[in-house]
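Reading through the structure tokens given below for one structure.
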Amino acid sequence: MSHQHGPGWSPPSSRGSLRSAPDGSPADLASSLYELANVYFYAGRYKDSQALNNRVLIMCRKIYGDRHPRVADALVNLGAIEQDRGNYQEAEKFHRQALQITRSFYGENHYRTAANFTMVARALVYQKRFDEAVLLLRQALAIQERTFGSIHPRVASALNELGNVAVMRNQFAEAKVDFGRMVVIYRRVYGGRHYLIGTALSNLGSVYMADKDNARAERLFREALAMYQQTLQPDHLNTAIVRIKLGRTLLRQARYSDAESETVRGYQILRKQVNPSASWLNSAQRDLVQIYDALNQRQKAAAFRNELALMENKGNLSGQN
């Protein structure tokens with residue numbers, strides 16, 4: 001969950017190790033509870049995860065003192081829970097507390113410090129505090145470059161964050177530079193064949209599509225799709241998403257039959273795997289309505305309109321509960 005477990009934080013070897021055995025050390029129990037809290041987090045059981053992380057936080061402060069990385073790990077997890085719940089100010093608060101500890105323990109030029117900068121920045125992005133977020137992300141990027149050099153996956157990851165913020169601010173030129181560097185790094189690191197190259201190409205294609213350069217976007221999406229076909233299963237979610245993106249850029253070029261082929265294939269993968277209200281599935285449905293309207297295939301357009309209406313009604317009903 002925090003992706004920055006301190007040394008010695010290993011998963012419990014058995015269910016029994018979670019029990020507070022008379023001869024068990026408090027540090028072992030804290031470690032086991034921390035791992036269980038992560039399991040709850042990934043299962044979406046935020047309340048249980050929060051309760052355990054709070055317990056771990058108290059235990060770690062007692063065992064290690066207030067300024068230890070394991071205290072920071074528990075704070076990061078509490079921040080991640082608030083972030084997922086949409087409580088971005090609370091998330092920021094926890095991540096800033098963790099950053100203070102990490103910074104003082106590891107120093108300014110450590111990758112863990114950079115990771116904490118990134119977490120604070122994400123909470124700021126969701127509060128639309130873009131200038132502050134970019135400042136922290138640039139600091140994170142500088143630390144990663146100093147620590148690992150300019151060609152490294154951690155550097156690419158920091159560029160991805162900056163690129164995403166640039167897209168949100170409609171700063172397409174900056175986003176193209178960030179995602180373009182990401183493509184170069186992943187090609188160099190992985191020898192030209194890895195699904196992450198596909199992800200970087202897909203992100204770059206999205207910027208060109210947002211900037212209305214659909215021909216360039218199409219080329220990038222096709223390249224991303226080819227990379228996914230070499231490195232992922234045919235029914236992988238990434239493959240579905242890039243097909244839907246490719247379909248949309250073809251739709252915008254009024255190439256309706258080509259757009260139908262790609263969008264339908266993406267839609268069919270997603271329909272089997274994701275929650276029906278997932279945003280990419282909805283995107284595909286909306287695009288297919290437009291495509292079938294343009295192709296004058298009214299029954300098919302109506303079928304997708306009905307699917308969308310059903311999802312919207314379900315959304316409204318669940319919002320009332």
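The values are calculated or read from the model by the stated rules, or taken from the named source; none is laboratory data. As the structure is a computational prediction, the values presented were derived from the model and not from experiment. No Cβ is skipped: glycine too gets one built from the backbone with ideal geometry, and neighbour counts run over all protein chains shown. In case anyone asks, the SASA skips ligands and DNA or RNA and just uses the protein heavy atoms, side chains included. Shrake-Rupley method; radii C 1.70, N 1.55, O 1.52, S 1.80 Å.
Could you sort 239-246, 96-103, 290-297 so that the peptide with the highest average Cβ count within 10 Å comes first and the rest follow in order? Walk me through the numbers before you get to the answer.
Numbers: 239-246: 25.1, 96-103: 20.0, 290-297: 16.6.
Ranked by mean Cβ neighbours within 10 Å, highest first: 239-246, 96-103, 290-297.
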Mean-square fluctuation maximum in Gaussian network of the chain, Cα pairs under 10 Å, restricted to Asn53, Asn87, Asn238, hits Asn87
So the FRET efficiency between Asp84 and Arg252, C-beta based with R0 = 41 Å and rounded to 0.05, is 0.80
Counting only DSSP loop positions in region 177-236, the trypsin sites (Lys or Arg not before Pro) whose Cβ has at most 15 other Cβ atoms within 10 Å are Arg193, Lys212
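Per residue, how much accessible surface does region 121-231 expose to a 1.4 Å probe? Answer in Å², no decimals. Mind dumping the intermediate values first?
Numbers: 5140 Å² over 111 residues.
Accessible surface, normalised per residue, equals 46 Å².
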Length gained if Leu295 through Lys62 is fully extended, taking 0.36 nm per residue and subtracting the Cα-Cα distance, is 77.1 nm
Checked against a 24 Å limit on the C-alpha separation, the offending pairs among Lys272/Lys314; Lys93/Lys128; Lys212/Lys300; Lys47/Lys272; Lys128/Lys245 are Lys212/Lys300; Lys47/Lys272; Lys128/Lys245
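Which GluC sites (Glu not before Pro) in region 199-298 sit in a loop by DSSP (not H, G, I, E or B) and have at most 10 other Cβ atoms within 10 Å of their own Cβ? Before the final figure, lay out the partial values.
Working: sites: Glu218, Glu223, Glu260, Glu262; in loops: none.
Sites meeting the loop and neighbour criteria: none at all.
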For the chain, the percent of accessible surface on carbon and sulfur atoms (probe 1.4 angstrom, ligands and nucleic acids excluded) is 49
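Mean Kyte-Doolittle hydropathy of 0.5 or higher plus an axial Cα length of 18 Å or more: which whole DSSP H helices in the chain meet both? Provide the component values of the computation, followed by the final result.
Working: long enough: 26-42 (24 Å, 0.36); 46-64 (25 Å, -0.38); 69-85 (24 Å, -0.15); 88-106 (26 Å, -1.06); 111-125 (21 Å, 0.59); 130-148 (26 Å, 0.41); 153-168 (23 Å, 0.61); 172-190 (26 Å, 0.26); 195-210 (23 Å, 1.02); 214-231 (25 Å, -0.75); 237-252 (23 Å, 0.47); 256-273 (26 Å, -1.19); 279-294 (23 Å, -0.37); 298-320 (33 Å, -0.85).
Once both thresholds are applied, what remains is 111-125, 153-168, 195-210.
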